[in-house]
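All remarks here apply to the structure that follows.
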Amino acid sequence: MIPKVKRPGDRRVIPLEVRANVRVSPSFSRLTFGGPALAGFTGIGLDHSVRLFFPRAGQDRLWLPSLNNDAWMAQTMLQPVSRRPWVRNYTVYAYRPDEQELDIEFALHGDHGPASAWAARARPGDPAGIFAEGYSYLPPDGADRQLLVGDESALPAILSILSSAPAGLTGHAFLEVPESADIREHVDRPEGVRVTWLPRDGSGTIPGALALEAVRQAPGLGAPDYAWIAGESRLATGVRRHLVGERHLDKKQIAFIGYWRHGRSSPG
Ligand SMILES: Cc1cc2nc3c(=O)[nH]c(=O)nc-3n(C[C@H](O)[C@H](O)[C@H](O)COP(=O)(O)OP(=O)(O)OC[C@H]3O[C@@H](n4cnc5c(N)ncnc54)[C@H](O)[C@@H]3O)c2cc1C
C-alpha cells in the first residue's frame, strides 16, 4: 500500500515547542507548535504530513536526529530507548508562516497510544520536532468529481483539502468520527461537495467500518473522477476494492493510504 507522494524540497528536522493545546471536541485536540526554526518551512496544505517527534515518558529533554535526509530514521532507531523519542505521522492542519507556527489535530484514542496520550497532556513549552514528509492528494487535471473518505485520523487532511479546493469541485466527502459531538458545525468547502458525517456514537464498530459501508451503499455516488481515502487500513483497502470492483474506477484514479492499523502500534 505505497501511495504516490510528492515531497517538498525543504526537508529538515525542525525543533519546535508546543504553544497551545485546545480541545476542539471530545475526541480532538488541536496543538499549535512554533519556533524560529520554522522560518522557510514549505507549508503545502492539502494532506501534507510530517513525522512528529516527541519525548517518551520520563525523558527530560527531547533528542532529535541531526541528519536532514531519510537517514534520520536509522539514526533515531540506533539510539538507546532512554534517549530515543517517539515518532508518529501527523498532518499539518494549518500553517501560519508570519507567526512561525503550525497546527496539528490529534484524534485522541486513549492512553494506549503514546502520541494520543502525549497530545492529551501536552502543555505550552513542551518540546517537539518535525520532519516534513509530503502529500498524496494528487488529482489529475479535469478530475472535477471527487470522493474523499476518512476516519477521524484523516479528518484534518480532508478538511484541509476541502478548504483549498477549487470552487467548481463537486463530489462527496464521507467523514467518520467517534461521536456526534465531534461533528464540525462548519466545513469550508466548495458548494458542490456534499459532506456526510458518520458518528460511531458507541456502536462498537472499529474506526472506518461505518465509512466503508456508507460508500458501498451510497446510491447517487456513481463513479467519481478521483478518490482519496485514508484512515484505518481496512477502510483504505476496502473502499479501493469497492471502487475498482463495483464502480469500475481505474486504480490510477485512486489514492489510498492506511494511516494506522487496528490493534497495532505504528513503528517508531
Ligand atoms: C500520513 C499520515 C498522516 C496522519 N495524520 C494524522 C492526523 O492529522 N491526526 C491524527 O489523529 N492521526 C493522523 N495519522 C494517524 C496516526 O499517525 C496514527 O493514529 C498513530 O498510530 C497514532 O499514534 P499513537 O502513538 O497514538 O498510537 P500507536 O502506538 O500507533 O497505536 C496504539 C494502539 O492504538 C491504536 N490506534 C492508533 N491510532 C488510532 C486511532 N486514530 N483511533 C483509534 N485507535 C488507534 C492502534 O491500532 C494500536 O492498537 C496520520 C497517519 C499518517 C500515515
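The values are calculated or read from the model by the stated rules, or taken from the named source; none is laboratory data. The model shown is predicted, which means the values in this text are computed figures rather than measured ones. Note: ideal-geometry Cβ built from the backbone for every residue, glycine included; neighbour counts use all protein chains shown.
List the pairs whose first member sits in segment 252-268 and is over 11 Å from Gly208 (Cβ atoms), whose second member is near the ligand (Cβ under 6 Å from one of its atoms) and at pLDDT below 95, and whose Cβ atoms are under 9 Å apart, counting only residues at least 6 apart or on separate chains?
Within 9 Å, the pairs are Ser265/His112.
Where in segment 149-268 are the helices (runs of 4 or more DSSP H), entirely inside, with at least 3 residues that are farther than 18 Å from Phe106 by Cα?
Passing ranges, in order: 209-217, 233-245.
If only one of Pro36, Pro15 is more than 23 Å from Ile158 (Cα to Cα) and in contact with a strand residue (DSSP E or B) (Cβ under 7 Å, 6 or more places away or on another chain), which one is it?
Unique residue meeting the criteria: Pro15.
Gly125: surrounded by fewer than 16 Cβ atoms within 10 Å (Cβ to Cβ) and touching a Pro at 6+ places or on another chain (Cβ under 9 Å), yes or no?
no
Kindly indicate whether Val22 is within 13 Å of Ile104 (Cβ to Cβ) and touching a Lys or Arg at 6+ places or on another chain (Cβ under 7 Å).
Spelling it out, Val22 is indeed within 13 Å of Ile104 (Cβ to Cβ) and touching a Lys or Arg at 6+ places or on another chain (Cβ under 7 Å).
So for segment 250-266 (the condition being over 18 Å from the mean Cα position of the chain (by Cα) and of a type in the set (Val, Ile, Thr)), does at least one residue qualify?
No, segment 250-266 has no match at all.
Starting from segment 57-68, keep only residues that are farther than 20 Å from Asp111 by Cβ, then list their pairs with residues that are of a type in the set (S, T, N, Q) whose Cβ atoms are within a distance under 8 Å, requiring at least 6 positions of separation or different chains.
Trp63/Gln79; Pro65/Gln75; Pro65/Thr76; Ser66/Gln75; Leu67/Gln75
Only one residue in Leu31, Leu16 is more than 18 Å from the chain's Cα centre (by Cα) and within 16 Å of the ligand (Cβ to nearest atom), so which one is that?
Matching residue, one of Leu31, Leu16: Leu16.
How do the pairs read when you match residues in segment 157-171 that are on the phi < 0 side of the Ramachandran plot with residues anywhere that are charged (D, E, K, R) and exposed (fewer than 15 other Cβ atoms within 10 Å of the Cβ), using Cβ under 6 Å and keeping only pairs 6 or more apart or on different chains?
From segment 157-171, the pairs are Ser163/Asp188.
With the requirement that a residue be aliphatic (A, V, I, L, M) and within 12 Å of Gly171 (Cα to Cα), what does segment 219-229 give you?
Within segment 219-229, Leu221, Ala223, Ala227 meet the criteria.
Answer yes or no as to whether Phe41 is within 20 Å of the chain's Cα centre (by Cα) and within 13 Å of the ligand (Cβ to nearest atom).
no
Of all residues in segment 102-122 being more than 8 Å from the ligand (Cβ to nearest atom) and surrounded by fewer than 18 Cβ atoms within 10 Å (Cβ to Cβ), which is modelled with the lowest pLDDT?
Asp111
If you scan segment 79-100, which residues turn out to be more than 13 Å from the ligand (Cβ to nearest atom) and either more than 20 Å from Gly134 (Cβ to Cβ) or touching a residue at least 60 places away in the same chain (Cβ under 8 Å) (or both)?
Gln79, Pro80, Val81, Ser82, Arg83, Arg84, Arg96, Asp98, Glu99, Gln100, listed by residue number.
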